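Q: Below is the structure I would like to discuss, written out as structure tokens.
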Amino acid sequence: MAQEADVISLSVNGRTQQVDVPPDTPLLWVIREQLGLTGTKYGCGAALCGACTVHLDGAAVRSCAVPVSAAANRPITTIEGLSATGEHPVQKAWTEVDVPQCGFCQPGQIMSAVALLANTGSPTDAEIDAAMAGNICRCGTYQRIRAAIHLAAALQKGGRR
Amino acid sequence: MTPRISRRTLLKGTLAAGAGLVVGFPLAGRSRALAQTPAVFAPNQWIRIDRDGVVTIVNSVPEMGQGSMTTTTMILADELDVPIDQVRIEQAPANPDLYKNPVTGSQSYGGSRGVRDHYPTWRKAAAAARTMLQQAAANRWGVPVESTETEPGAVVHKPSGRRLAYAQLVDEAQTLPVPQNPKLKTPDQFRYIGKMVKRRDTPDKITGRGIYGMDVVVPGMLVASIERCPVLRGKVKSFDATATKRIPGVRDVVQVTNGVAVVADSFWTALQGRRALKVQWDEGALAQVSSPAIAKEYERLSKQPGQAARNDGDAEKALGAGGKVIEAVYQVPFLEHACMEPMNATAHVTKDACTVWAPTQNPGGTLATAMRLTGLPKEKVTVHTTLLGGGFGRRGEQDFIVDAVEVAKAVGAPVKVMWTREDDITHGFYRPSTYNVFRAALGPDGKPTAWHNRIVGPGLLIQKGRSPDYQIDGAAVEGARNMPYDIPNLRVEFVNKDFGVPLGFWRSVGASQNGFIVESFIDEVAHAAGKDPFEFRRDLLGKSPRHKAVLELAATKANWGAPLPPGRGRGIAVVFSYNSYMATVAEVSVAPDGLVRVHRFVSAIDAGLAVNPDQVKAQVEGGSVYGLTATLYGQITVDRGRVQQSNFNDYPMLRINEMPVVEVHILDSGEALGGLGEPGVPTVAPAVCNAVFAATGKRIRTLPIDRNELRKA
């Protein structure tokens, strides 16, 4: 049974908003339906596919498995908050390699990749595999994802110099 | 204002596009409305140019990841001669009069048909538009049209150095007749076709801006989720929604064809509502059907003769002639598509209008479904095709459209009906499971003298009413009856046995499973003959030069025959599907615990002409993953009519840590165009299983691979 609605304060992409939803509602649905940010996708509802990946306190989490109450007053970043123009190094690399096919999983893939590169500047293939294994791509773009992450790592380094 | 386009002329082309087909293409011209707004040059339904020089190309093929938005645009922009990066792309409305596939006659996209079926039509349409612009410039300059040429976005007259942008010719071009046989570019004049062009949909797909069906938002929209009978094809007997209706945010509960819909303010609330429902089901006949019984009945039927799908020479006689006989049984399971975006659609139905927003491969079918359910004429029904989060054949079906239109009609507000992943996997349209018996005979020279293949399983086309049940089901024998090896006595039979599990077109359809069985068994025959599997195949492909060419290319690029590290094996396969030829070499190792690791695929594909080579590679890369998932994991089983898998925990997908290197080599043969969405799949399972045999000596005859059978004792 749904719990009573509650006013919860969410900080998404640098903007604080109040939402009035049952506290057990998964963060995913609040982001998509209450905040209207539809770049974050639903794929499984069970933290099995990664389509709903967002950053919570800078870490990649599956928003379908995070109750909205647990995300209150903590910084959340969605695909829309990564860059206004698609100019984040990871997005640039994704464009350069032409990664997406259907593209449905790609916001989640990109959010996982950004979190990986924030911690590991130049990941090996094995580190990429470990960090990205939670994100399913049914179109099979994995080879390009690996290439794009290596490229993004190079772009990020170049940018810092 | 967007000009309304209507059909004006019918160009009767004699474009050769398959046996005996005369492709007529309706070139929609200037309607009365357009004549009053001459600011737009709209010579046909795919192209518009306005006075500001904005070129709009209408993409009539749904974008499901195969890159139609880019490829369609490349072909039209090249022949029209406009800069591709400045073209606006619009998704076509559902309007089969204008946008039906000229070969199939319906506005539905499957069968890897997007490019190959439209290529001549689009080129002719764009060439006609370009010729009209050239004529308009020639008229203004008072020079013969033949003395003009184009550069991107402009007509030029080189002798006098004059130049007019297309934008400046819009009004005049619009008054000219549409040429019936415009001169096409020669391949050396192509600016985009055959070159690597970046996908046009990438910017929207990496920023979250792209709108998939699930992302549609309509003012006043409600969200619904449908409780479906756990038994396939079961129906609602009765239901009690008392507890559901008490949940804040639940707006309505309505019975529809596919179950009981809970309509709410949000998806999460709708799900809570579903949990509180009490539904009595009429489970129907499938409640008596379970996978083990299906397999047992297939086996029984496999001992009886089937209908002959092909019969060369006398296979029975040759099998009894005293040579070495090889026999094997191959089995493949039901499979679900598992598009990343679960099924969904949005609809708004009023007394006199219906609008549907859907991630559909079948806009024409969606239009027909909406008309049927609302009783409205086609002028009152609008279908918006969104981006598709995967298609793979699943999204040609109408069930999710029926959901949205029925619920929207019942509640009178716009409604988005969304499926859960569990709904998606348990209520799919499954790739048929089959049971396949093979026998082959070898002559004294080690060459096969006979091949006998009996396929037992449900006919997909028969179940869907597209083929009468007294005929051979074309999908069931696709890839088996047209196997390419030159064997004098060859018989392929089909036994139709359908238990009623809903069937669907699963990426590469019959070729997905028959590619596996044929290419695995020919491997067995090669080994029985003591021959190298590549050389054995090549020697039997004398009558199939395009098969042979891709087989040789893949083998060469994979260094076939070169030594491998210990524990590794190579396997090879070649399959024709959707007018394309594809060969794959797989390199695998098998761990002591039976875990199969695929290290590398080297593939060669001949799709005639590679319009966008990088996207040809992308489709083969994608097909490799789709095929490998099925080889290693894919299996849908049924217990008393209930699908036993439900999410990615029990219906797993290949993940990045299991991704092999995929190397793709394109063979541009200059032949008629082939498809690309599907041909990347069928070679994968046999190449992998043949490589497993090479590495371990164990032959995989049932998919998915059971690692327990490969475990070292």
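Q: Would you say A:A126 is open to solvent by 10 Å² or more (accessible area, probe 1.4 Å), of a type in the set (G, A, S), more than 10 Å from every other protein chain (Cβ to nearest Cβ) and assigned to a helix (DSSP H, G or I)?
A: no
Q: Against the condition surrounded by fewer than 18 Cβ atoms within 10 Å (Cβ to Cβ), more than 13 Å from every other protein chain (Cβ to nearest Cβ) and on the phi < 0 side of the Ramachandran plot, how does B:A165 come out, does it pass?
A: yes
Q: Then there is this: From the list B:T629, B:T584, which one is more than 13 Å from every other protein chain (Cβ to nearest Cβ) and either touching a Pro at 6+ places or on another chain (Cβ under 9 Å) or surrounded by fewer than 18 Cβ atoms within 10 Å (Cβ to Cβ) (or both)?
A: So the residue among B:T629, B:T584 that is more than 13 Å from every other protein chain (Cβ to nearest Cβ) and either touching a Pro at 6+ places or on another chain (Cβ under 9 Å) or surrounded by fewer than 18 Cβ atoms within 10 Å (Cβ to Cβ) (or both) is B:T584.
Q: B:R597 is checked against (1) surrounded by 24 or more Cβ atoms within 10 Å (Cβ to Cβ); (2) farther than 22 Å from B:A328 by Cβ; (3) basic (K, R) and fails just one. What number does that condition carry?
A: Checking B:R597 against (1) surrounded by 24 or more Cβ atoms within 10 Å (Cβ to Cβ); (2) farther than 22 Å from B:A328 by Cβ; (3) basic (K, R), the one that fails is (1).
Q: For the range B:654-663, state whether one or more residues are more than 30 Å from B:S544 (Cβ to Cβ), in contact (Cβ under 8 Å) with a residue 12 or more places away in the chain and open to solvent by 10 Å² or more (accessible area, probe 1.4 Å).
A: Among the residues of the range B:654-663, at least one is more than 30 Å from B:S544 (Cβ to Cβ), in contact (Cβ under 8 Å) with a residue 12 or more places away in the chain and open to solvent by 10 Å² or more (accessible area, probe 1.4 Å), which makes the answer yes.
Q: Of everything in the range A:129-149, what is β-branched (V, I, T) and either without any contact (Cβ under 8 Å) to a residue 60 or more places away in the chain or open to solvent by 20 Å² or more (accessible area, probe 1.4 Å) (or both)? Give them in sequence order.
A: Listed by number, the residues that qualify are A:T141, A:I145, A:I149.
Q: Are there any helices (runs of 4 or more DSSP H) wholly within the range B:215-312 with 2 or more residues that are assigned by TED's automatic domain parsing to the domain that holds B:F438, and if so which?
A: In the range B:215-312, the matching helices (runs of 4 or more DSSP H) lie at B:291-301.
Q: Does the range B:228-247 include one or more residues that are of a type outside the set (V, I, T), in contact (Cβ under 8 Å) with a residue 60 or more places away in the chain and within 12 Å of chain A (Cβ to nearest Cβ)?
A: No, because not a single residue in the range B:228-247 is of a type outside the set (V, I, T), in contact (Cβ under 8 Å) with a residue 60 or more places away in the chain and within 12 Å of chain A (Cβ to nearest Cβ).
Q: Could you look through the range A:30-56, keep only residues that are surrounded by fewer than 24 Cβ atoms within 10 Å (Cβ to Cβ) and in contact with a Phe, Trp or Tyr (Cβ under 9 Å, 6 or more places away or on another chain), and pick out the one that is farthest from B:I656 (Cα to Cα)?
A: So, considering only residues that are surrounded by fewer than 24 Cβ atoms within 10 Å (Cβ to Cβ) and in contact with a Phe, Trp or Tyr (Cβ under 9 Å, 6 or more places away or on another chain), the one farthest from B:I656 (Cα to Cα) is A:E33.
Q: Please state which one of A:A51, A:A59 is touching a residue at least 12 places away in the same chain (Cβ under 8 Å), under 23 Å from A:I128 (Cα atoms), within 7 Å of chain B (Cβ to nearest Cβ) and within 10 Å of the chain's Cα centre (by Cα).
A: A:A51
Q: Output the residue which, of all residues in the range B:459-514 that are more than 15 Å from B:P432 (Cα to Cα) and of a type in the set (F, W, Y), is most open to solvent (accessible area, probe 1.4 Å).
A: So the residue we want is B:Y470.
Q: Follow-up question, since we're still on this one. Across the range B:426-483, what is the total count of residues that are of a type in the set (G, A, S) and in a strand (DSSP E or B)?
A: Total satisfying the criteria: 4.
Q: Still on this structure, I have one more. When you scan the range B:248-262, how many residues do you find that are away from chain A (no Cβ under 14 Å) and open to solvent by less than 10 Å² (accessible area, probe 1.4 Å)?
A: The number of residues fulfilling the criteria is 3.
One line per residue, one yes/no per condition, for (1) basic (K, R); (2) within 14 Å of another protein chain (Cβ to nearest Cβ); (3) out of contact with any helix residue (DSSP H, G or I) (no Cβ under 7 Å at 6 or more places or on another chain); (4) surrounded by 24 or more Cβ atoms within 10 Å (Cβ to Cβ):
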position	(1), (2), (3), (4)
B:N44	no, no, no, yes
B:I49	no, no, no, yes
B:G53	no, no, no, no
B:T56	no, no, yes, no
B:E63	no, yes, no, yes
B:G67	no, yes, no, yes
B:A77	no, no, no, yes
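The values are calculated or read from the model by the stated rules, or taken from the named source; none is laboratory data. Because the structure is predicted, anything quoted here is derived from the model rather than measured. Virtual Cβ from ideal backbone geometry, glycine too; neighbours counted across all protein chains shown. Remember, those area values only see protein heavy atoms, side chains included, never the ligands or the DNA or RNA. Shrake-Rupley method; radii C 1.70, N 1.55, O 1.52, S 1.80 Å.
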